[in-house]
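**Q** Have a look at this one.
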Amino acid sequence: MAGTPRTKCPIILTYHDTGLNHKSCFETLFNHEDMREILRHFPVCHVEAPGQHEEAKTLPASYVYPSMDQLSETLPTVIKHFGVRSVIGLGVGAGAYVLAKFALNHSDMVDGLILININPNAEGLMDSVANKLTEWTQTLPDTIIAHIFGKDEIQTNHDLIATYRHHITATMNQSNVNQFYRSYHSRGALEVERPVPGGSINVRTLKCSTLLVVGDHSPAVDHVVDCNSKLNPTKTTLLKMADCGGLPQVDQPAKVIEAMKYFIQGLGYLSSASMTRLRSRTNSSTSSFDGSRSRSHTNDSQREYVNKTWGKNIVGYW
C-alpha cells in the first residue's frame, strides 16, 4: 500500500499479469512524472498472486494454487483490511480477469475498472492443445513472452524483450510462475452479456464504468474487442492504442496516464482544475512525445473527440 486510505475516497487496486509482479507490471507507470497528480488524490494498493513476488520461495508441494475465481474472492478481505469503501481497479491480462470477476461478484466495492489486455473467454480445446505443444517445445520464459508480447514486438524490440526475459528468469520463481500461468489458462468464461434495450434487467454484466485498453500490436487485441462487444456500451470504452505493443503501460505510460485521468474524472473524483492543468501539459508535450511514433500522433480535433465521447463505447486510437 502506498498512501493513506481515506474513508470516502476509493483506492487504486492493481493486479498484474502472469510472469510479472507489481513492480515489473506497473513500476514504469507509477514512477512516471505524470502519475503524481493521480497519486496526490488516491492511495494505491498493489496485489500480487501467491508466490509471484521477487525471489519468492517455491510453494510447498502440498499447496494447491488458487483458481482465478478464488483469487478474485481474496480481494474483499484486502479491501476490508485497509478500511476502504471502494476501489478503482487496474489490471493487466490475468490480473484484468481477476478484477473483472471481482467486480461481477462485488459490484458495490468497485467504482471503475481499467482493464488492459483482458480475455473474457475460457480456453477452448484448440487453445488447450496449442498450449500443450508449446509447453513441450518452449521454455517457460518463452511461453510467457509469447503471452505478453506480439510477434512483431518480439522480433523488433529486442531490448524490451531481453529486459522482461531477464526478469522472468532471474527474479521470479519458475515453479510459482508456472502454477499461476496454469491457473489462468484453466479459467472459466466471465459469462457476461451485453444488455439489450428493453430486455432483461437481470443480465449479468459489469455495472461500473470500464475502460478497456489494448495496444494494436498486442496478441490480446481480438480478445479485448470481443470483451467490448459483450459489455454494456453505455458504461464501457475501448481504447486501442496505435503503434503500441503488449504492455501499453510500459510502452506508452504518458498516454495511459492521460486516459486514466479522464476516466477517473468521469467517475467524479478529479476536479476540473486538475484537468485544466492536464490539458495544458498535453498540448505542450504532444509534438515531442509523438515525434518518434508517427502512428501514435493524434491531432487536437481527434483528441477532443475522444475526450468528449468518453463512455460512449468508441474505439480510440490514442
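The values are calculated or read from the model by the stated rules, or taken from the named source; none is laboratory data. Everything numeric here is computed off the predicted structure, so don't read it as measured data. Cβ: placed from backbone, ideal geometry, glycine included. Neighbour counts: every protein chain shown. The protein model used for the area step is the full one, side chains on, heavy atoms only, and it has no ligands, DNA or RNA in it. Shrake-Rupley method; radii C 1.70, N 1.55, O 1.52, S 1.80 Å.
**Q** Tell me, which residue of segment 44-84 that is modelled with pLDDT under 95 and crowded, with 18+ Cβ neighbours inside 10 Å is farthest from the chain's Cα centre (by Cα)?
**A** Out of the qualifying residues, it is V84.
**Q** Can you confirm whether segment 91-113 contains a residue that is among the aromatic types (F, W, Y) and either modelled with pLDDT under 95 or surrounded by fewer than 19 Cβ atoms within 10 Å (Cβ to Cβ) (or both)?
**A** no
**Q** Within segment 239-258, does at least one residue satisfy the condition of being open to solvent by 10 Å² or more (accessible area, probe 1.4 Å) and part of a loop (DSSP other than H, G, I, E, B)?
**A** So far as segment 239-258 goes, yes, one or more of its residues are open to solvent by 10 Å² or more (accessible area, probe 1.4 Å) and part of a loop (DSSP other than H, G, I, E, B).
**Q** Quick one: in segment 185-225, which of the residues that are surrounded by 14 or more Cβ atoms within 10 Å (Cβ to Cβ) and among the acidic types (D, E) is nearest to Y65 (Cα to Cα)?
**A** Going through the qualifying residues, I end up with E193.
**Q** Would you mention how many residues in segment 226-238 are within 15 Å of the chain's Cα centre (by Cα) and open to solvent by 10 Å² or more (accessible area, probe 1.4 Å)?
**A** 1
**Q** Considering (1) farther than 20 Å from T18 by Cα; (2) part of a strand (DSSP E or B); (3) touching a helix residue (DSSP H, G or I) at 6+ places or on another chain (Cβ under 7 Å), say which one K207 fails and leave the rest.
**A** All conditions pass for K207, except number (2).
**Q** Among the residues of segment 57-64, is there at least one that is free of Cβ contacts under 8 Å to residues at least 40 places away in the same chain and either β-branched (V, I, T) or touching a Gly at 6+ places or on another chain (Cβ under 7 Å) (or both)?
**A** Within segment 57-64, one or more residues are free of Cβ contacts under 8 Å to residues at least 40 places away in the same chain and either β-branched (V, I, T) or touching a Gly at 6+ places or on another chain (Cβ under 7 Å) (or both).
**Q** Follow-up. Which is closer than 23 Å to A100 by Cα, touching a Pro at 6+ places or on another chain (Cβ under 8 Å) and open to solvent by less than 10 Å² (accessible area, probe 1.4 Å), of I38, I11?
**A** I11
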